[in-house]
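What follows is a single structure, written as structure tokens, with notes after it.
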Amino acid sequence: MILTIFKKDLKLFFADRKGVLLTFLMPILLITLFAFAFGGIGGGSSKAEPIKLLVSDLDNSSDSKSVIASLQALRELTLIPKEVIEATNLVHKGKNVGVLILKKGFQDSISAGNNLPMELKYDAAREIEMGMLQSVLMQSLMSTVGQKSIKAKMNTYFDTNFSGMPQEMKEKIFNNMDAIKGGMNTSAENNMGLKMTSIVKESTKIGNLGLIQAVAGTAIMMLLFSIAAIGGGLLDEKESGTLKRLFYSPLKPTDILFGKMGAALVLAILQLVVMFVFSWLVFGLPIFKDFTSLVLMILATAFAVSSFGIFLVAIAKTRQQLQGLSTIVILTMSAIGGSMIPLFVMPAIMQKIAVVSVNYWGIQGFYDIFWRSLPLIEILPKMGILVAIGLVMTLISVLLFKRNVLKLMHN
Amino acid sequence: MNRYNIKQMIQVSNLSKSFDTIHAVNNISFSIRKGEVFGLLGPNGAGKSTIINLMSTILKSDEGEILINENDIKQNSTICKQLIGVVPQEISLYDEFSAVDNLIFWGSLYKVPAKILKQRIKNILKLIGLYDRKDDLIKTYSGGMKRRINIAAALLHNPEILFMDEPTVGVDPQSRNKIFEIIETLNQQGITIVYTTHYMEEVERLCKRIAIMDAGKIVAQGTQTELQKQSNVKEAVQITFQLISEVQLEQLQSQLQIKINQSEQKIIIECDVNKDLSNIISICNKSNLRIKDIKLKKANLEAIFLSLTGKQLRD
Ligand SMILES: Nc1ncnc2c1ncn2[C@@H]1O[C@H](COP(=O)(O)OP(=O)(O)OP(=O)(O)O)[C@@H](O)[C@H]1O
Ligand SMILES: [Mg+2]
């Protein structure tokens, strides 16, 4: 019975040429547009919340500690001490923007005036935050260890070339140096030797973050729109009287809903497949890199999104209501979830809010596959959340539908 | 045949249904025999569609009982649904599908095996005269053709009972006749039919028994003759003469042995029009009375409805 309804609903969908065109052509256009728009991502800035930087102090010396303390004092940063391995892992998963590692021999290198053994491993997907982080780090490190290191270097130089130079004179030179410190920053920076390592970027070598954002972001937003439209067919049937006629027959009212959901699910999958294949053919998105994860992510996303669409239909009473409601809800969710503007350029507070939207989990999941190259096991929790969203929405829809069945027929 | 042996296909007793403050159906009882065409006649808002919805299980009654072939619809709704075919008042079809695709879909909801369904669809399309257009989309059909498919969609599971809710609304006379023929054919095949309308001619042509409804109540029910008796509407002939004298009038009255109301040159004779009219005219001729005009006052449903409710059936 569900199957009969399901086949009918699919057929109804494909009978509407304009709708079909909109469902498949529109996302392709948008993906193309966004792919070009995000192609040279960068620029723009966002302040407000401090950046959470992980830090691993392997030297554990008084100098390394004082560096950490001075960084900690900065308004722009919040430091979180972590073990190197765990920290790297967190950055890899996209939890934190980067980890600053102060390696063994940090203090000795300062006294010796050598390049400092420190490294910043970062997530290149968060370019904007990185830009900020880098400048903050440089300024701060310069004023603490930079000066010290240069003085140490000069001390050695004076000792070898001008042996017997009185300590008093050296002090005077160093004090003058402090007074013109501003002018020395640039030249000294090169000696700092902060090694920058992009964790994520190097391990994937895809390099087209813009494309992934374009595909994942667009896909989920467009999916929501087309599902709301397909589900809206239920309201059309109410208006045209065919819904009432369905109730004359011996089928269960929920069969009507499940049939519709099935059709919505299949179309969502179809739409995602078309979008990914298009991105593969035209933009070279490596869809076969981790095919299993991609397939599972597509299924989970399609399920979450189609039940969310049906949920919108279940709470709307008329086509017009659905139109208004779905436009507002979908656009809002897409905006906060990162479908339109990539999440990583948004302020931290927005990134936190994002988790309430379906879009967020879908987009992050696709990021995990294509950008962070995480193994399936690491992406499973995000899929789980998507499936959970789907189940909850389905449940609510069924309850609402059952309660409104009579109203559906007679008002 | 003893009338008490005749099987009651539908029994409705003390049925009531309200929407907020409107008593759409107000304590109604009737029964319909197997093989009968039963007419529900009433003006807009009388409660006809509400009764159909209640009997087809998609509305729940506030009070009362409905038995379909002795099954209570509240307890055995699935059995009842299999017995019933409903032709809704609105055309309820998928515009974007062809006639055949619509029928296949509606038929498969009743789990009719595909092969049998195909054969049935063919037969029904031939019956309603649309076999040639079967692959055209419904949206390309005329109003009358859609109405016929609307009927066909209710027949695919071979129901024993057919509810038809104003199946000729907005239909041209030609299509209407075609629909009447279809209904008569179906009835000959033994299907019990409940037919709602506010056209008295339709009920007069199709229905053996009739319930006249107004404002949620059945005002009277029975065959047309029975209704006529209940309503006290008498058939009559009104004859206008060119000239009639007192003497001639008295003569006529004694010859016809019928009570005559007279005003000026007009007389009104209450009689059985079919039986008595020719006799009256021949007596007038013999008496050399020159007739100027004859009007028949038939005891039709229009008159009966007016007499029972004090209202016209339609504005
Ligand atoms: N779902 C509903 N909600 C509120 N009132 C309703 C509803 N359905 C019917 N009614 C009211 O019940 C009364 C009977 O309506 P119904 O549709 O049964 O009349 P009808 O005899 O079929 O009229 P028509 O000839 O116009 O089809 C009307 O007053 C109508 O307004
Ligand atoms: Mg009606």
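The values are calculated or read from the model by the stated rules, or taken from the named source; none is laboratory data. Nothing here was measured: the structure is a model prediction, and the numbers come from that model. Please note: Cβ atoms are built from the backbone with ideal geometry, for glycine as well, and neighbour counts cover all protein chains shown.
Residue A:381 falls short on exactly one of the conditions (1) under 14 Å from residue A:300 (Cα atoms); (2) surrounded by 15 or more Cβ atoms within 10 Å (Cβ to Cβ), and that condition is (2). Once the stretch B:11-44 is narrowed to residues that are within 25 Å of residue B:180 (Cβ to Cβ) and surrounded by fewer than 17 Cβ atoms within 10 Å (Cβ to Cβ), the residue that is farthest from ligand 1 (Cβ to nearest atom) is B:34. Residue check: is residue A:403 loosely packed, with under 15 Cβ neighbours inside 10 Å and either in the same structural domain as residue A:96 (by TED's automatic domain parsing) or basic (Lys, Arg) (or both)? Yes. Filtering the stretch B:16-37 to residues that are away from ligand 2 (no atom under 16 Å from the Cβ) and within 29 Å of residue B:190 (Cα to Cα) leaves B:29, B:30, B:31, B:32, B:33, B:34, B:35, B:36, B:37. When A:210, A:241 are screened for being farther than 19 Å from residue A:22 by Cβ and within 14 Å of another protein chain (Cβ to nearest Cβ), only A:241 passes.
Kindly establish whether residue A:148 is part of a loop (DSSP other than H, G, I, E, B) and not acidic (Asp, Glu). Taking the combined requirement at face value, the residue does not satisfy it. With respect to the conditions (1) in contact with a helix residue (DSSP H, G or I) (Cβ under 7 Å, 6 or more places away or on another chain); (2) crowded, with 17+ Cβ neighbours inside 10 Å, residue A:119 falls short on a single one, namely (1).
If you go through the stretch B:48-91 and keep only what is acidic (Asp, Glu) and facing chain A (nearest Cβ under 9 Å), you end up with just B:90. Listed here are the helices (runs of 4 or more DSSP H) enclosed by the stretch B:206-315 that have at least 1 residues being among the aliphatic types (A, V, I, L, M) and farther than 30 Å from residue B:48 by Cα: B:246-256, B:273-286.
In the set (1) over 17 Å from the mean Cα position of the chain (by Cα); (2) at pLDDT below 90, the condition left unmet by residue A:390 is number (2).
Tallying residues that are part of a helix (DSSP H, G or I) and in contact (Cβ under 8 Å) with a residue 12 or more places away in the chain within the stretch A:271-297 yields 15.
Checked against (1) within 13 Å of chain A (Cβ to nearest Cβ); (2) at positive phi; (3) within 23 Å of the chain's Cα centre (by Cα), residue B:20 passes all but a single condition, namely (3).
Of the residues that sit in the stretch B:163-196 and are on the phi > 0 side of the Ramachandran plot and in contact (Cβ under 8 Å) with a residue 40 or more places away in the chain, which one is nearest to ligand 2 (Cβ to nearest atom)? Among those residues, the one meeting the criterion is B:166. Checking each residue of the stretch B:60-83 against the condition of being touching a residue at least 12 places away in the same chain (Cβ under 8 Å), crowded, with 19+ Cβ neighbours inside 10 Å and within 16 Å of ligand 2 (Cβ to nearest atom) gives no match. Residues in the stretch B:107-120 that are more than 7 Å from chain A (Cβ to nearest Cβ) and surrounded by 18 or more Cβ atoms within 10 Å (Cβ to Cβ): B:107, B:112, B:117, B:120.
Among residues belonging to the stretch B:83-102 that are outside any loop (DSSP other than H, G, I, E, B) and more than 18 Å from residue B:161 (Cβ to Cβ), point out the one that is nearest to ligand 1 (Cβ to nearest atom). First the steps, then the outcome.
Taking the stretch B:83-102 and keeping what is outside any loop (DSSP other than H, G, I, E, B), we get B:83-87, B:98-102.
After this cut, where a residue has to be more than 18 Å from residue B:161 (Cβ to Cβ) as well, the list is B:98-102.
Values: B:98: 29, B:99: 25, B:100: 30, B:101: 29, B:102: 23 Å.
Result: B:102.
Quick test for you: out of A:341, A:353, pick the one residue that is modelled with pLDDT of 85 or more and away from ligand 2 (no atom under 16 Å from the Cβ). Unique residue meeting the criteria: A:353. Put simply, of A:20, A:55 the only residue that is at pLDDT 85 or above, surrounded by 19 or more Cβ atoms within 10 Å (Cβ to Cβ) and of a type in the set (Val, Ile, Thr) is A:55.
Restrict the check to the stretch A:260-279 and report whether at least one residue is out of contact with any Ser or Thr (no Cβ under 6 Å at 6 or more places or on another chain), surrounded by fewer than 19 Cβ atoms within 10 Å (Cβ to Cβ) and closer than 30 Å to residue B:56 by Cβ. Yes, some residue in the stretch A:260-279 is out of contact with any Ser or Thr (no Cβ under 6 Å at 6 or more places or on another chain), surrounded by fewer than 19 Cβ atoms within 10 Å (Cβ to Cβ) and closer than 30 Å to residue B:56 by Cβ.
For residue B:147, state whether it is touching a residue at least 24 places away in the same chain (Cβ under 8 Å) and either touching a Leu at 6+ places or on another chain (Cβ under 9 Å) or not assigned by TED's automatic domain parsing to the domain that holds residue B:101 (or both). Lay out the reasoning, then the answer.
Details: touching a residue at least 24 places away in the same chain (Cβ under 8 Å): yes; either touching a Leu at 6+ places or on another chain (Cβ under 9 Å) or not assigned by TED's automatic domain parsing to the domain that holds residue B:101 (or both): no.
Criteria not met by residue B:147.
Filtering A:12, A:71, A:3 for residues that are modelled with pLDDT under 85, part of a helix (DSSP H, G or I) and not assigned by TED's automatic domain parsing to the domain that holds residue A:227 leaves a single hit, A:71. Scanning the stretch B:221-228 turns up no residue that is modelled with pLDDT of 85 or more, more than 27 Å from residue B:187 (Cα to Cα), in the same structural domain as residue B:22 (by TED's automatic domain parsing) and surrounded by 15 or more Cβ atoms within 10 Å (Cβ to Cβ). Examine the stretch B:144-159 for a residue that is touching a His at 6+ places or on another chain (Cβ under 7 Å) and within 13 Å of chain A (Cβ to nearest Cβ), and state whether such a residue exists. No, the conditions are met nowhere in the stretch B:144-159.
Among the residues of the stretch A:280-293, the ones that are at pLDDT 90 or above and surrounded by fewer than 18 Cβ atoms within 10 Å (Cβ to Cβ) come to 2 in all.
Being within 16 Å of ligand 1 (Cβ to nearest atom), under 22 Å from the mean Cα position of the chain (by Cα) and in a loop (DSSP other than H, G, I, E, B) is a condition met by no residue of the stretch B:186-194.
Kindly indicate whether any position in the stretch B:150-173 is in contact with a Gly (Cβ under 8 Å, 6 or more places away or on another chain), exposed (fewer than 14 other Cβ atoms within 10 Å of the Cβ) and not polar (S, T, N, Q). Yes. Among the residues making up the stretch A:298-341, a single one is part of a helix (DSSP H, G or I) and basic (Lys, Arg): A:319. Considering each residue of the stretch B:145-166 in turn, none proves to be part of a helix (DSSP H, G or I), out of contact with any helix residue (DSSP H, G or I) (no Cβ under 7 Å at 6 or more places or on another chain) and basic (Lys, Arg). Does the stretch A:347-366 contain any residue that is in the same structural domain as residue A:209 (by TED's automatic domain parsing) and outside any helix (DSSP H, G or I)? Yes, that holds for at least one residue.
Filtered by the rule that a residue be within 16 Å of ligand 1 (Cβ to nearest atom) and surrounded by fewer than 21 Cβ atoms within 10 Å (Cβ to Cβ), the stretch B:209-218 gives B:214, B:215, B:217.
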